[in-house]
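**Q** Sharing a structure here in structure tokens format.
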Amino acid sequence: MTPFIHPDTRRLALGRLRAETFDILILGAGINGAGTARDLALRAKARNANLSVALIDKNHFSSGTSGKNSHLIHGGLRYLKQLDFRLVREALRERAVLLLIAPHLVEPQPFLMPLSGFFKSLYYDLGLTIYDLFDTSGAVPKHRRLSLPEVRALEPGLAAPGMTGAAEFYDCQCRSARLVLENIFEAIGNGAACANYVRADRPSRDAGGIWRVPVTDAVSGESFETRARVLIDATGPWATDPAPRLVRGSHIVLPRLNASKYAIAHFETDGRIIFFIPWGERGDRTLIGTTDVDHAGDADQVEISEDEIRYLRTIAASIFPASAKMDPVAAFSSLRPLLVSHGSATKATREHHIYRDPHGIIRITGGKYTTYRSMSEEAADLAVATVAPELIHTHLTARTPLNGNTPKAIRELTAQTRTLAAEHRIAESEVSMLIRQYGVLAPAVLDYIEAAEIVGRANVDAARVVFAKRHEMAVEPRDCLEVSTSLGLEGQDTSEFSASI
């Protein structure tokens, strides 16, 4: 498959932003903006409708909250504890959808939940039984109990206080930033004009009802005006009027602690759940998080605090004692833009609200990454109601594979792993990694490896950087290291291929 994003894609999008009056303009290219752009463009393409869609972001796509989360697609066990059954049911339904439409980026992840004593075991067993019942898809196995010897055999370094056994259950791991990119790239392929590094200033509405939005291209410094009939604010933490409740979630990254494929789910006494996830593009890291801390500062200045590091390391040492002698190799934080509420940040609602405000702007607020597709569908319904009402019941995203990545296509490509590895003289594990990151476009990435060289991991990553620049609209080095790849978030040494960045 040939990439349809090319070095001129951004320039062409900027030209359209100058010249056209769009039916719908979306501000913010995190997962909600990306999903809404995909939904709208797919509706228009499928019905051959004359609907023009644009999407802009002041930074790179997915450079904020959506690319720096726990990298999970999950129903939310802690929301089950809060008796938010509707949210859990919706999230589990969307988990099954994403497994179907993005099988290269979303995959089942087994978890162990350490249990201590009869009553706690009974309590969590009941909760996981309800969790299983809410998932009617059969997409992942049901939970089961493991004895203490079974747990010890799987995870000999696990030493949760008072552990008498564990529950095995499933959720899903996700390449979060890449899922955002693929939503945007499919939107572009279906006719949307999408541009990163385009900052929008305060919009105004003229007498004819057209939104006029002053924008600045951060790359060239040029300012101009773009126009749209409908405006969608998907800026998340950067939204104003009203501003969301900003809750910071932070993670630390350690060398691999998990001996098995299992992630660990540990409930703290305050109801917060801490995950220990086998992580990293090559599986050599453990991702530990997350925290819930109200953030009072600038949405552009988000860093893990010393208290958060201390908190996560203390928990890590109690669950995996060997981690006490390890220093984090990386850490990252992002902001959850939640509906305004009071009380504990941990218990703040993850419900969403999509509405047209008194000025006529459609606002997407709150919600979970896992439910982005259904939220995007809801926002798209509201947007087309005024400019393309014939599309209001055209709902395609739940059954349309993302960029052609059907389960069958991924299976067939995976069957070629050995052949591709031999052809490009790289390890089979590297080809498998590329399939998990790029799906059907993995061979296109491999084409950037110099055939004359005996290549290794650094050359594979160098090829990915070149691919990001030419086919993923990466502008800055961090776009390559934190969005197109997660190498920067993993604390990996990139010196071997830094000349490619």
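**Q** Dipole of the chain, Cα-centred, from +1 at each Lys and Arg C-beta and -1 at each Asp and Glu C-beta, to the nearest 20 debye?
**A** For this selection, approximately 920 debye.
**Q** When 1/r is averaged over all different Cα pairs and the result inverted, which Kirkwood radius in Å belongs to the range 406-500?
**A** Working: mean 1/r = 0.0737 Å⁻¹.
Hydrodynamic radius (Kirkwood, Cα pairs) of the range 406-500 is 13.6 Å.
**Q** Through the Karplus equation 6.51 cos²θ - 1.76 cosθ + 1.60, θ set to phi - 60°, convert the phi angles of the range 275-283 into ³J(HN,Hα) values in whole Hz; use x for Gly and Pro.
**A** Whole-Hz 3J(HN,Hα) from phi for the range 275-283: 9, 10, 10, x, 9, x, 4, 10, x.
**Q** May I ask you to order 287-300, 224-237 by the average number of other C-beta atoms within 10 Å around their residues, highest value first? Kindly include the intermediate steps, with their values, before the conclusion.
**A** Numbers: 287-300: 18.1, 224-237: 22.4.
Top of the packing list down: 224-237, 287-300.
**Q** What's the Cα-based Rg to Rh of the chain, Rh via Kirkwood? Kindly include the intermediate steps, with their values, before the conclusion.
**A** Values: Rg = 22.5 Å, Rh = 23.4 Å.
Rounded to two decimals, Rg over Rh is 0.96.
**Q** Along the charge dipole of the range 283-376, Cβ charges K/R +1 and D/E -1, which of Leu312, Val293, Thr365 sits furthest on the positive end?
**A** Ranked along the dipole, the leading option is Thr365.
**Q** So how far, in whole Å, is the C-alpha centre of the range 277-323 from the one of the range 210-257?
**A** The distance from the Cα centre of the range 277-323 to that of the range 210-257 comes to 24 Å.
**Q** Please turn the phi angles of the range 226-232 into ³J(HN,Hα) values with the Karplus equation 6.51 cos²θ - 1.76 cosθ + 1.60 (θ = phi - 60°), one per residue in order, whole Hz, x for glycine and proline.
**A** Residue by residue, the range 226-232 yields 10, 10, 7, 7, 10, 10, 10 Hz.
**Q** Can you list the aspartates and glutamates whose alpha carbon is less than 14 Å from that of Lys58, not counting same-chain residues fewer than 8 positions off?
**A** Candidates past the 8-residue exclusion: Asp201, Asp217, Glu222, Asp233, Asp300, Glu476, Asp479.
**Q** Then there's this: Going toward the positive end of the dipole of the range 406-500, with +1 on Lys and Arg Cβ and -1 on Asp and Glu Cβ, which of Ala463, Gln416, Ser432 do you reach last?
**A** It is Gln416, whose Cα lies furthest towards the positive end.
**Q** Let me ask another. Under a plain spin-label model, where a point goes 7 Å from the Cα along Cα-to-Cβ, how far apart in nm are Ala243 and Asp300?
**A** Taking the simple label geometry, Ala243 and Asp300 are separated by 1.4 nm.
**Q** Hey, got the dipole for the range 406-500? About the Cα centre, +1 on K and R Cβ, -1 on D and E Cβ, debye to the nearest 20? Present the calculation step by step, with values, prior to reporting the outcome.
**A** On the way: 10 positive and 15 negative charges, 74 e Å.
Computed about the Cα centre, the dipole is about 360 debye.
**Q** Can I ask one more? Relative contact order of the range 379-479, please, whole-number percent, based on alpha carbon pairs below 8 angstrom and at least 6 residues apart. Working shown, then result.
**A** On the way: 64 pairs, mean separation 17.8, N = 101.
This gives 18 percent for the range 379-479.
**Q** Given Thr494, Ala37, Val302, which one lies farthest toward the positive end of the charge dipole of the chain, if we put +1 on the Cβ of every Lys and Arg and -1 on the Cβ of every Asp and Glu?
**A** Value: Ala37.
**Q** Let me ask something additional. So who's got an amide H within less than 5 Å of the one on Val329, skipping anything under 5 residues away but keeping other chains? H placed 1.01 Å off N, in plane.
**A** Those qualifying (amide H under 5 Å, at least 5 residues apart or on another chain) are Val253, Leu254.
**Q** Follow-up. Residue by residue, what Karplus-based ³J(HN,Hα) values in Hz, rounded to whole numbers, does the range 320-333 have, using 6.51, -1.76 and 1.60 with θ = phi - 60° and x for Gly and Pro?
**A** Whole-Hz 3J(HN,Hα) from phi for the range 320-333: 10, x, 4, 5, 4, 9, 9, 9, x, 8, 6, 7, 8, 9.
**Q** Determine the relative contact order of the chain: mean sequence separation of Cα pairs under 8 Å and six or more apart, normalised by residue count, in whole percent. If you can, show how the numbers build up before the last one.
**A** Values: 1018 pairs, mean separation 106.8, N = 501.
RCO, the chain: 21 percent.
**Q** Among the lysines, select those whose C-alpha is under 27 Å from the C-alpha of Lys261, and discard any that sit fewer than 8 residues away in the same chain.
**A** Filter leaves Lys68, Lys81, Lys120, Lys142, Lys325, Lys368, Lys408.
**Q** Order these peptides, 302-311, 359-368, by their mean beta-carbon neighbour count within 10 angstrom, highest first. Spell out each step's value before the answer.
**A** On the way: 302-311: 15.0, 359-368: 21.1.
The peptides rank, most packed first, as 359-368, 302-311.
**Q** Which order, highest average first, do 202-213, 182-193 follow once you tally other Cβ atoms within 10 Å for each residue and take the mean per peptide?
**A** Numbers: 202-213: 12.8, 182-193: 23.8.
Listed from highest to lowest mean packing, they are 182-193, 202-213.
**Q** Give me, ordered by chain and number, the residues 5 or more places off Arg248 or on other chains with an amide H under 5 Å from its own placed amide H.
**A** Long-range HN contacts for Arg248: Val293, Asp294, His295, Arg336.
**Q** Something else: Going by how many other beta carbons lie within 10 Å of each one, how would you line up Lys58, Lys469, fewest first?
**A** Values: Lys58 20, Lys469 17.
Going from sparsest to densest Cβ surroundings: Lys469, Lys58.
**Q** Then there is this: Quick one: net charge around Lys45, please, counting Lys, Arg +1 and Asp, Glu -1 for every other residue with C-beta under 13 Å from its C-beta.
**A** Working: positive: Arg38, Arg43, Arg47; negative: Asp39, Glu186.
Net charge around Lys45: +1.
We did not get these values from a lab; they are worked out from the coordinates using the rules stated. On a predicted model such as this, the values are computed, not experimentally measured, just so you know. Glycine gets a Cβ as well: all are built from the backbone with ideal geometry, and neighbour counts include every protein chain shown.
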